[in-house]
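Reading through the structure tokens given below for one structure.
The values are calculated or read from the model by the stated rules, or taken from the named source; none is laboratory data. Small disclaimer: the values here were computed from a predicted structure and weren't measured. In this analysis, Cβ positions are derived from the backbone assuming ideal geometry, glycine residues included, and neighbour counts consider all displayed protein chains. The area values use the complete protein model at the heavy-atom level, side chains included, leaving out ligands, DNA and RNA. Shrake-Rupley method; radii C 1.70, N 1.55, O 1.52, S 1.80 Å.
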Amino acid sequence: MLREPQHDKRIIMKKYDHKKVEKKWQKVWEKEEPYKAEDTSDKEKFYCLIEFPYPSGAGLHVGHVRSYAALDVMVRKARMEGKNVLYPIGWDAFGLPTENYAIKHGIHPIEATKENVKVFKRQIKGLGISFDWSREINTTEPEYYKWTQWIFLQLYKKGLAYKQEMPINWCPSCKIGLANEEVVNGACERCGTESERRNIKQWMLKITEYADRLIEDLETVNYLDKIKIQQINWIGRSYGANVNFKVKDSDKQVEVYTTRPDTLFGATYMVLAPEHELVETLITEEYRGEVYEYQEQARHKSDLERTELSKDKTGVFTGAYAINPVNNEEIPIWIADYVLATYGTGAIMAVPAHDERDFEFAKKFELPIHEVIVKKFGETNPKADRRDAVAAVVKNDDKVLVLYNKKFDVYRLPSGGYEKGETAEETIGREMLEETGYDDFEITGYLGMINANFYLVDKKVQREKFHKGFLITLNSESKAETAFEDHEDYEGSWCTQQEAIEKLTPYGGGEEEFVRRAFDPSLKCFAGSEGAMVNSDFLNGLDVENAMQAMNKWLEDKGIGKAAKSYKLRDWVFSRQHYWGEPIPIVFCDKCGEVPVPEEQLPITLPMVEKYEPTDTGESPLAAIEDWVNTTCPTCGGVAKRETDTMPNWAGSSWYFLRYLDPKNKKEFVAQDKLKYWMPVDLYNGGMEHTTLHLLYSRFWNKFLYDIGAVPVSEPYKRRVSHGMILATDGEKMSKSRGNVINPDDVVEEYGADVLRTYEMFIGPYDQSVSWDTNGIKGVKRFLDKVWALQEKYDESYTFNVDEQPGKARDKLLHQVIKEVTNDVESMKFNTAVSSIMILTNSLWSDEKISKFEIEVLLSLLNPFAPHLVSEITETLKLKIEKWPVFDPEKAIIVTKEIVVQVNGKNRDKIALTADEDKFDEDTIKELALKSENVKKYLAGKEPKRVIYIKDKLVNIVV
RNA sequence: GGGCGAGUGGCGGAAUUGGUAGACGCGCUGGACUUAAAAUCCAGUGGCCUUAACAGCCGUGAGGGUUCAAGUCCCUCCUUGCCCACCA
């Protein structure tokens with residue numbers, strides 16, 4: 001018998017020549033510019049923004065490719081869906097790396113930037129990313145930074161830009177100011193000399209004025225949760241109160257900021273930051289020497305040292321006392337570097353009983369600790385019998401003594417109430433002896449007070465107990481013989497921390513808290529919100545929230561303080577003493593003072609200079625260019641000098657998304673009609689490292705521009721997403737020094753841009769970091785080769801029958817894949833999108849002929865990922881794939897062909913559904929399931945209790 | 001110390017959000033083609049038991065819990081990544 005020849009599926013067609021094909025299509029796109037956005041249109045707009053790159057000498061990184069390609073997939077799909085797409089690109093080129101490169105190689109930063117941009121541009125174009133190149137911008141071109149300077153002037157006019165003395169990091173050897181990132185382990189990155197702090201007058205922008213809106217408006221945008229949370233934490237808003245403390249024997253006052261005004265009765269000392277301006281006027285003669293010495297030390301400590309030594313508190317007494325306004329107690333005023341000059345008022349009231357830092361400080365310097373808030377267990381009951389009591393945590397290395405009451409089956413600590421005239425210590429000593437019998441012990445610690453509200457089973461009363469805990473250490477196992485007389489019901493046992501907590505908790509007396517505190521001393525300064533006030537006069541018995549309100553009201557009534565907010569966010573230091581940045585458009589005139597440059601004189605261009613090194617004085621190199629610095633005053637025409645500081649490189653990137661809309665406009669920074677059409681940005685992708693600085697700065701600038709009526713929306717970005725890093729094959733960060741860098745040029749050369757793009761989409765979840773896998777890329781190449789080879793199977797005249805199998809199944813698959821790819825691309829799950837296209841490809845591969853519909857669907861879906869290859873096949877086969885395919889929801893429903901039958905949740909059988917599957921209803925399927933031989937075996941004659949049916953999925957029989 | 005995540009085969013990772021765990025890809029094994037290799041094609045591939053098949057048992061960091069049913073929800077713990085870090 002003649003066997004039918006098996007059809008040969010090997011790729012015998014001429015191999016796909018990526019070099020030729022990709023170059024060809026890149027030329028076509030260069031010439032025809034199909035990716036130009038229309039300035040205005042009736043079409044729905046889609047503004048898709050990628051963080052523009054810093055054109056460094058290192059060239060494009062595979063990490064750039066990941067996000068550029070991802071958004072390229074989204075915009076190519078959007079275009080196929082008929083949207084007017086804006087996907088622009090530009091260069092964020094001001095900044096230190098280029099300046100350092102220029103200094104090192106003697107090349108002007110302008111030239112260096114040009115070179116780097118050229119490389120980046122060639123690389124990006126070689127990837128076939130569909131940027132609208134007609135809108136390319138560069139932050140270092142005067143036509144661009146003219147408007148950066150213009151925005152600065154607007155900020156200045158509104159009082160949001162001001163000059164102030166600020167400490168900067170200073171390298172005494174290089175004689176330059178250092179950016180934070182240039183200080184490595186407290187030393188200059190370049191020469192290794194230890195850096196110092198110097199005060200220099202700096203331009204500042206009042207971003208703190210926008211802090212509340214920067215938090216609140218996050219509710220109106222769609223950012224990843226982790227991005228929102230990071231921004232909120234960075235801004236760090238807290239609510240509390242400012243309180244004025246009078247200084248004893250003086251007319252001076254010290255204002256402190258606290259988030260816990262409710263604990264004011266527990267303030268037993270006060271601490272000022274060493275830099276606090278009042279320190280000088282407060283110190284008494286006796287302590288002057290010590291204070292000065294401490295201040296001097298603090299000045300030389302870098303931030304790093306200050307935090308590294310965070311556990312070990314340091315400080316000195318000033319000799320002065322303040323008066324606690326609530327109880328008129330005299331409290332000593334100290335200075336310590338654990339208090340930051342830049343946060344709050346630079347001074348605190350210390351409540352050592354309820355703040356861990358204050359607690360450590362108080363322990364070290366033996367300052368008093370007053371408990372004013374106790375942790376609460378159970379709900380307060382007004383009818384409860386109120387008692388004061390003490391409890392003992394008898395602890396040896398890692399075990400504590402727990403008593404068991406046989407009669408009532410409860411566990412307790414040795415404890416009891418006071419007898420007349422007893423101190424707490426005497427009570428605990430007596431109870432120890434009575435309940436445990438031990439007679440050779442010491443009190444080695446106090447564990448604080450708790451407030452327990454519970455039903456006492458042994459006495460049958462509702463009780464509210466104010467309970468003090470003491471840590472007890474046994475000196476020996478010695479026991480008194482008579483002790484157990486009254487307590488024969490008790491039996492002691494040694495328990496681990498966990499055992500003790502588990503045993504004591506059911507009792508309801510909260511004694512387990514003492515055990516926790518015995519093992520973790522930091523818990524002693526309880527400061528939670530579930531507490532009750534004690535030792536606090538008019539606050540006693542209140543919960544924390546009410547106590548805070550009551551205290552705030554009291555402070556306001558007495559004029560001593562008032563409710564206040566504070567932020568971790570500081571104003572933005574906007575000056576740099578460097579050459580390669582936008583000159584700040586301000587002039588200093590002897591007569592008129594600080595004068596803004598009139599708008600019509602913009603841009604203030606950077607002069608060409610020979611040397612870019614900062615000067616010995618810490619001024620920008622611009623200070624040395626006399627014919628640039630010396631100018632005339634715009635107001636009086638007299639002699640004046642230009643500001644020589646430049647802007648940080650965050651400046652240009654704070655508004656570039658606006659300039660893309662109208663990059664060549666000479667009259668305005670952007671025309672209003674274009675802003676109205678395009679803003680806000682629909683999708684903005686960037687690295688997590690820019691979440692706190694760039695993202696916050698640009699939101700701030702946009703809000704400011706909105707306030708002055710220059711832009712139409714308050715929030716610039718509708719949706720913000722973030723890509724994960726691409727790590728080297730060893731799982732480490734790619735770096736030159738490790739020698740593990742993958743250069744995209746090499747990959748494009750060997751495999752082609754389409755393979756690189758598709759591989760990076762397939763490599764893993766877009767928002768997670770992934771390691772490069774040299775083998776993985778081969779799999780993607782095979783996949784694209786297979787698509788290429790499918791051309792051979794294409795038969796224009798072939799169609800398949802959708803009413804009969806297998807045509808029906810194929811039709812279903814096509815719709816399912818369209819659905820999955822459509823949804824996955826929208827939710828940026830590119831890896832599973834590629835996987836779905838692979839499944840379709842494999843399915844088509846097993847057929848001898850492919851219809852027009854099939855190949856068009858495949859190529860349409862693949863086009864955003866591998867546009868060169870798809871364009872080439874489309875042209876060769878004379879196909880049309882201009883539109884994104886649409887799925888039929890009916891057909892795209894995934895119905896499994898089998899129903900799983902479980903017995904007690906374990907898979908036991910499957911029921912195959914035949915062609916007329918629609919006929920099967922619930923009862924039929926349940927019946928079929930019960931008839932199954934295998935099911936019968938497991939039922940073993942028993943009657944099923946319940947039969948659960950999940951449509952099209954499974955039957956579970958419960959016995 | 002605080003905040004946010006993550007833990008699934010030999011590897012990268014899927015899982016319609018509580019319903020057949022391991023899609024897709026890599027790697028590996030066997031076969032076809034070849035003088036041979038590469039490339040390509042076909043088949044298999046979580047572990048254990050088994051010559052093999054059938055069947056079975058185990059299995060999503062560990063331990064408990066909720067449920068007819070848990071990778072998915074709840075509690076405790078372990079490991080790990082990133083960001084911030086004396087913020088009163």
Over segment A:706-852, with the other protein chains present, what is the accessible area per residue in square angstrom, probe 1.4 angstrom? 45 Å²
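Can you give the FRET efficiency to the nearest 0.05 for A:GLU296 and A:THR692, using r as the Cβ-Cβ distance and R₀ = 35 Å?
My answer for the efficiency is 0.60.
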Compare the peptides A:932-940, A:852-860 by average per-residue count of other Cβ atoms within 10 angstrom and give them in order, highest first. A:852-860, A:932-940
Could you derive backbone 3J(HN,Hα) for segment A:764-772 from the dihedral phi with the Karplus parameters 6.51, -1.76 and 1.60 (θ = phi - 60°), listing whole Hz in sequence and x where the residue is Gly or Pro? x, x, 4, 8, 10, 7, 9, 8, 5
Length gained if A:GLU545 through A:THR444 is fully extended, taking 0.36 nm per residue and subtracting the Cα-Cα distance, is 33.0 nm
Place a point 7 Å from the Cα of A:ASP409 along the Cα-to-Cβ direction; which residues of segment A:502-519 have their backbone N under 13 Å from it? none
Using a probe radius of 1.4 Å on heavy atoms only, what accessible surface per residue do you get for segment A:398-531? Whole Å² is fine. 48 Å²
Within the accessible area of segment A:224-337, what % is carbon and sulfur when the probe is 1.4 Å and the other protein chains stay in place? 49 percent
Spacing of the two label points (7 Å from each Cα toward its C-beta) at A:ILE893 and A:ASN328, in nm: 8.2 nm
Tally up the carbon and sulfur contribution to the accessible surface of segment A:717-786 as a whole percent, 1.4 Å probe, everything protein left in place. 46 percent
Share of carbon and sulfur in the accessible heavy-atom surface of segment A:817-954 [1.4 Å probe, %]: 51 percent
Relative contact order (%) - criterion: Cα under 8 Å, at least six apart; region: chain A: 13 percent
Cα centroid distance between segment A:16-86 and segment A:819-838, in Å? 19 Å
Mind giving me the FRET efficiency for A:VAL959 and A:TRP845? R0 is 41 Å, r the Cβ-Cβ distance, nearest 0.05 is fine. 0.35
Of the residues A:ILE335, A:TYR411, A:GLY346, the Cα lying farthest along the dipole of segment A:330-449 towards its positive end, which is defined by charges on the beta carbon of Lys, Arg, Asp and Glu, belongs to A:TYR411
Suppose the chain between A:GLU141 and A:GLU804 were pulled fully straight at 0.36 nm per residue; how much longer would it get relative to their current alpha carbon spacing? 232.2 nm
Residues whose placed amide H lies under 5 Å from that of A:VAL721, excluding near-sequence neighbours: A:TYR684, A:ASN685, A:GLY686
From the protein chains alone at 1.4 Å, what is the descending order of accessible area for A:VAL597, A:VAL748, largest first? A:VAL748, A:VAL597
Using only the Cα atoms of chain A, what are the Rg and Dmax in Å? 37.2, 119
Per the helix-only model, chain A has a calculated mean residue ellipticity at 222 nm (DSSP H runs of ≥4, -39500 (n - 2.57) each, divided over all residues, rounded to the nearest 500) of -10000 deg cm²/dmol
If you rank A:LYS849, A:LYS664, A:LYS313 by how much accessible surface each has, with a 1.4 Å probe, what is the order from largest down? A:LYS664, A:LYS849, A:LYS313
Probe 1.4 Å, all chains present, heavy atoms only: A:GLU275 accessible area in Å², nearest 10, is 100 Å²
With label points built 7 Å along Cα→Cβ from the Cα atoms of A:ILE232 and A:GLU194, find their separation and express it in nm. 4.2 nm
So which trypsin sites (Lys or Arg not before Pro) in segment A:79-116 end up in coil per DSSP with only 10 or fewer other C-beta atoms within 10 Å? none
If the chain between A:LYS667 and A:GLN462 were fully stretched, how many nm would it gain, using 0.36 nm times the residue separation less the Cα-Cα distance? 65.8 nm
I want to check the label-to-label distance for A:LYS878 and A:ASP42. Put each point 7 Å from Cα in the C-beta direction and report it in nm to one decimal. 3.3 nm
Charge dipole of chain A built from unit charges on the beta carbon (Lys, Arg +1; Asp, Glu -1), centred at mean Cα; most positive-end Cα among A:LEU813, A:ALA789, A:LEU840 is A:ALA789
Can you send over the solvent-accessible area of A:VAL73, 1.4 Å probe, protein chains only, in Å² to the nearest 10? 0 Å²
Cα to Cα, under 23 Å, and not fewer than 8 places away if on the same chain: which lysines meet these conditions relative to A:LYS910? A:LYS808, A:LYS812, A:LYS897, A:LYS919, A:LYS926, A:LYS931, A:LYS936, A:LYS937, A:LYS942, A:LYS945, A:LYS951, A:LYS953
Provide A:ARG122, A:ARG66, A:ARG810, A:ARG576 ordered by accessible surface of protein heavy atoms (probe 1.4 Å), highest first. A:ARG122, A:ARG576, A:ARG810, A:ARG66
Tell me, what is the 1.4 Å probe accessible area of A:TYR145, in Å² to the nearest 10? 10 Å²
